[in-house]
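**Q** Below is a structure I'd like to ask you about.
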Amino acid sequence: MNINVIARSDAEAQDVIGTLGSPQALTVDDTYVVQTGTTDTRDYSNCVWFVETVTQGPATKLTVKVEWLHNALPTDRNPQGSESISGGLSTLSVYEAEYTLVAAEGLPAISLPVAGPYALVSIKADLTTGTNPEVIVRAWRKA
């Protein structure tokens, strides 16, 4: 009898900003909160980020930025690009996912093809006063 065991390293998400027991409070000055450390994306074809708002406060928009690193040093970052083609010309720009917050609605996942061996995600809210929104960002690496 031959039993094949398949190890699934993509079966569990990794908290990269905040956790269920300790969500990350975003600042009121519209600055990015950057994940501590990096997400190892080697040997994976896609990475999916799930953004969950635990408390929204008066914020109406969240912005998420993904950067790729060729090594595990958070200082060597390259932003995720976005391409638009018009009239045969290609224009590259920095990709940022913007979410309009609506109470009691989930946010769409961000799914990107892996562009480097490590990733770094940042998030900010459009908040100038009031209660800081709290978030959790999880990365799920797809093999």
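The values are calculated or read from the model by the stated rules, or taken from the named source; none is laboratory data. Bear in mind that the values here come from a model prediction, so they are computed numbers and not experimental data. Cβ sites come from the backbone with ideal geometry, for glycine too, and all protein chains shown count toward neighbours.
**Q** Are any of the residues in the range 105-115 farther than 17 Å from residue 16 by Cβ and hydroxyl-bearing (Ser, Thr, Tyr)?
**A** No, every residue in the range 105-115 fails to be farther than 17 Å from residue 16 by Cβ and hydroxyl-bearing (Ser, Thr, Tyr).
**Q** Only one of these conditions is not met by residue 132: (1) assigned to a strand (DSSP E or B); (2) over 14 Å from the mean Cα position of the chain (by Cα). Which number is it?
**A** All conditions pass for residue 132, except number (1).
**Q** State whether the residues of the range 62-79 include one that is of a type in the set (Ser, Thr, Tyr) and free of Cβ contacts under 8 Å to residues at least 12 places away in the same chain.
**A** So far as the range 62-79 goes, yes, one or more of its residues are of a type in the set (Ser, Thr, Tyr) and free of Cβ contacts under 8 Å to residues at least 12 places away in the same chain.
**Q** Out of 131, 63, which single residue is of a type outside the set (D, E, K, R), under 13 Å from residue 26 (Cβ atoms) and touching an Asp or Glu at 6+ places or on another chain (Cβ under 6 Å)?
**A** Answer to the check: 63.
**Q** Still on this structure, please answer the following. Could you count how many residues in the range 120-137 are among the acidic types (Asp, Glu) and farther than 23 Å from residue 21 by Cβ?
**A** Adding up the residues that qualify gives 1.
**Q** Determine whether the range 76-99 contains at least one residue that is hydroxyl-bearing (Ser, Thr, Tyr) and either modelled with pLDDT under 85 or in contact with a Cys (Cβ under 7 Å, 6 or more places away or on another chain) (or both).
**A** No, the range 76-99 contains no residue that is hydroxyl-bearing (Ser, Thr, Tyr) and either modelled with pLDDT under 85 or in contact with a Cys (Cβ under 7 Å, 6 or more places away or on another chain) (or both).
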